[in-house]
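> Before I ask anything, here is the structure I am working with.
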Amino acid sequence: MFPTIYDFGTVNLFGFSFPLAIHSFGFMLVVAFYTTYFILNNDLKKLNYDENLASDLIFWAAFGGVVGSKVYHLLENLDQVFQDPIGMIFSGSGLVFLGGLIGGTIAVTIILNKNKLPWLEFADIVAPLLILGYGIGRIGCFLVGDDYGTPTGLPWGMSFPNGLPPSTTSVFSLYFPWIDISKYNPGLLKVHPTQLYETIISIIIFFYLYNKRKSVKIKGSLFFLYLILAGFERFFVEFIRTNEKYFLDILSGAQIISLIMISIGILFLFRPINEKSKQSM
């Protein structure tokens, strides 16, 4: 794949020398950041909100998302944390979406409370952008060769010889011993490009939610619908991802959280808060 878009080599600046490169994952995060900012800023202008509000929300959502995803990753891999706490905490890996959703939600809630803004109304505004940002970020995972799926013989299966880690039988035996690869020949494996699956599904969900904004009657209903759709998306994709199944050897930690997301979404869709949203959306 293409983990590095452009390598500037060693750069000398003010007497300091350091390697400088544009990495594809970081680049796609920037694309996700500015894409969601542009759409949110445009929507908030139509609703006559402060022009600085969009940048504040996106910044703190990103900050809270990174912190939350990192904490979630550390909690999921406590054995590795005990072995190498500094390396695990400061590594560039471990940006887990579900932890990011929790962290980003907490950060945005603090900003909304600080500005005395309605949480449910803004949850509806940002709901489509959450899944869009996630889908764009998954392109970065694909380019890096990270978060791919289980081995497959399907025609669209893809190999990641330079992935993080490479999709080889030796890597699967070492890092994913719970996955049966006995029927595959030693060497490079073709796997499900689950990153692209999630990107495609996320974009479809984004357009569906974004087009439903004008028909929102109950505040929060669009956000809770997002929880249901995003939860189902992640729940089913997890069956062909490499994550270990902890619960009854059937479900992964991400699937448990996905079920919680779906349950919360269904609960509040069928028992909504009886408060009509602004018709200006």
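The values are calculated or read from the model by the stated rules, or taken from the named source; none is laboratory data. Since the model is a prediction, treat every value here as computed from it, not as a measurement. All Cβ positions, even for glycine, are placed from backbone atoms using ideal geometry, and neighbour counts span all protein chains on display.
> Which of the residues spanning segment 184-211 are charged (D, E, K, R) and within 22 Å of the chain's Cα centre (by Cα)? Spell out the reasoning first.
Keep residues of segment 184-211 that are charged (D, E, K, R), which gives 190, 198.
Result: Glu198, single match.
> Consider segment 123-165. How many of its residues are among the charged types (D, E, K, R) and not in a loop (DSSP other than H, G, I, E, B)?
Here is the first cut: in segment 123-165, the ones among the charged types (D, E, K, R) are 124, 138, 146-147.
Then drop every residue that is not not in a loop (DSSP other than H, G, I, E, B), which leaves 124, 138.
Of the residues in segment 123-165, 2 are among the charged types (D, E, K, R) and not in a loop (DSSP other than H, G, I, E, B).
> Let me ask something additional. With respect to Val191, determine if the residue is crowded, with 18+ Cβ neighbours inside 10 Å, at pLDDT below 90 and touching a Pro at 6+ places or on another chain (Cβ under 8 Å). Show your work before the answer.
Working: crowded, with 18+ Cβ neighbours inside 10 Å: yes; at pLDDT below 90: no; touching a Pro at 6+ places or on another chain (Cβ under 8 Å): yes.
Judged against the criteria, Val191 is not a match.
> Based on this model, can you work out whether Ile257 counts as touching a residue at least 40 places away in the same chain (Cβ under 8 Å), among the hydrophobic types (A, V, I, L, M, F, W, C), outside any loop (DSSP other than H, G, I, E, B) and under 25 Å from Thr194 (Cβ atoms)?
Yes: the conditions hold for Ile257.
> Taking segment 166-225, which residues are aliphatic (A, V, I, L, M) and in a loop (DSSP other than H, G, I, E, B)?
Initial filter on segment 166-225 (aliphatic (A, V, I, L, M)): 171, 174, 179, 181, 188-189, 191, 196, 200-201, 203-205, 209, 216, 218, 222, 225.
Scanning segment 166-225 gives Ile179, Ile181, Leu189, Val216.
> Testing Val171 on (1) free of Cβ contacts under 8 Å to residues at least 40 places away in the same chain; (2) under 18 Å from the mean Cα position of the chain (by Cα), one condition comes back false. Which one is that?
The single condition Val171 does not satisfy is (2).
> Here is a further query. Can you run down the residue pairs with Cβ atoms below 7 Å, 6 or more apart or on separate chains, where the first is in segment 21-48 and assigned by TED's automatic domain parsing to the domain that holds Ile139 and at pLDDT 90 or above and the partner is assigned to a helix (DSSP H, G or I) and of a type in the set (S, T, N, Q)?
Qualifying pairs under 7 Å: Tyr37/Ser55.
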